[in-house]
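Visitor: Got a structure here, written out as structure tokens. Questions coming.
The values are calculated or read from the model by the stated rules, or taken from the named source; none is laboratory data. All figures in this text were calculated on a predicted structure; none of them were measured in a lab. Don't worry about glycine lacking a Cβ; one is built from the backbone with ideal geometry, like all the others, and counts go over all protein chains shown. Note: accessible area is taken over every heavy atom of the protein model, side chains too, but ligands, DNA and RNA are not part of it. Shrake-Rupley method; radii C 1.70, N 1.55, O 1.52, S 1.80 Å.
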Amino acid sequence: MFDNLPDLNLVRLFVAMVESRNLSAAAQRCGMTRSNMSHRLKRLELALGAQLLRRTTRHVELTQAGRLLYQHGVRLLDEMRAAQSNIDSLGGTVRGDVRVRLPTGLGHLYLAPVLLEFTRRYPDIALRVHINDNIGDLVSAEVDLALKITSAPPEDHVARRLCAIQWSLCAAPEFLLDGRPVQTLEQLGRCSMIAPQSLGRRFDLRLKHAHGDPLILRVAPRLQSGDYPFLREAVLAGLGVALLPRYAVWTQLRDGQLREVLPEFEPEGVGNAIYLLTAPNRFPSMATRALAGFVQEHIERRHRDWLRPAPSA
């Protein structure tokens with residue numbers, strides 16, 4: 001009865017074909033020729049007795065049988081990886097590979113040293129770290145774990161909320177004292193603004209007040225970037241008023257290097273919470289679970305520093 005089951009290596013190649021969109025890209029990814037890849041696909045189709053792909057000159061299209069095999073194949077391969085990782089860990093040592101993607105700000109400003117500490121604690125886990133804001137589809141991107149700051153986590157992934165994210169309007173003291181008082185929305189509108197690039201070249205800055213309706217100001221920032229350390233350096237240099245997450249500037253606010261602008265208002269930014277994302281059809285390995293727990297523990301321990309101070313009585 002086992003002779004009728006498809007070869008797991010052929011299933012692995014088929015999954016690579018689907019996720020690569022065409023045979024040439026899949027062959028390059030798997031380190032073989034296009035003709036060899038095509039030959040193995042035919043072997044798999046003969047073994048299953050069904051056509052899996054409709055091939056054109058530009059791309060491949062899944063048949064109904066192909067969609068079923070892909071869905072089950074992804075789960076099967078993830079289960080095999082998890083099984084191997086768990087077997088490797090029977091002796092008490094967690095082993096395996098984890099592919100993780102982090103947003104630029106949180107990655108560079110906070111999580112990079114956390115991951116270095118993780119690698120010291122788990123020397124048998126190999127990390128593949130990508131730091132960028134393009135989360136995309138975790139399956140096709142071959143990512144096991146991702147963190148994302150958003151107000152609406154993607155519905156096609158498993159999302160675990162880690163903590164709230166608050167934003168700050170802040171500026172260097174010398175900027176505020178250089179004839180630029182910022183006490184009203186109109187005065188803020190005349191300031192040079194520094195903001196994340198993902199908000200767009202022009203956007204509506206929403207400012208919430210605990211005892212009133214939110215205010216909205218249309219802004220066109222003078223300086224924008226997806227590199228949050230760069231934005232922080234720009235505001236510390238006195239180049240304008242910055243909209244940044246509080247985790248990026250909380251120590252500078254505490255030490256007086258930066259000051260809140262319109263502190264009675266709470267600005268909205270790119271997202272209001274950190275979510276930990278995993279693919280819905282993957283069973284996380286022990287190594288992935290170890291990293292997720294390690295990151296979650298550090299964020300939960302630190303996030304209180306990132307909150308707005310309670311108003312004084």
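Visitor: Which residue out of 176, 223, 215 is at pLDDT 95 or above and either touching a Leu at 6+ places or on another chain (Cβ under 9 Å) or open to solvent by less than 90 Å² (accessible area, probe 1.4 Å) (or both)?
Guide: 223
Visitor: While we're on this one: Show me the strands (runs of 3 or more DSSP E) found entirely inside the stretch 122-232 where at least 3 residues are of a type in the set (A, V, I, L, M, F, W, C).
Guide: 125-131, 145-150, 158-164, 167-171, 193-196, 203-209, 212-219
Visitor: Quick check on residue 95: is it open to solvent by 80 Å² or more (accessible area, probe 1.4 Å) and modelled with pLDDT of 80 or more?
Guide: The answer is yes for residue 95.
Visitor: Condition first: surrounded by 15 or more Cβ atoms within 10 Å (Cβ to Cβ) and either part of a helix (DSSP H, G or I) or touching a Lys or Arg at 6+ places or on another chain (Cβ under 6 Å) (or both). Now tell me which residues in the stretch 241-260 satisfy that.
Guide: 246, 247, 248, 249, 250, 252, 253
Visitor: Quick check, is residue 276 more than 16 Å from residue 168 (Cβ to Cβ), crowded, with 18+ Cβ neighbours inside 10 Å, in contact (Cβ under 8 Å) with a residue 60 or more places away in the chain and out of contact with any Gly (no Cβ under 8 Å at 6 or more places or on another chain)?
Guide: Yes; evaluated as a whole, the condition is true for this residue.
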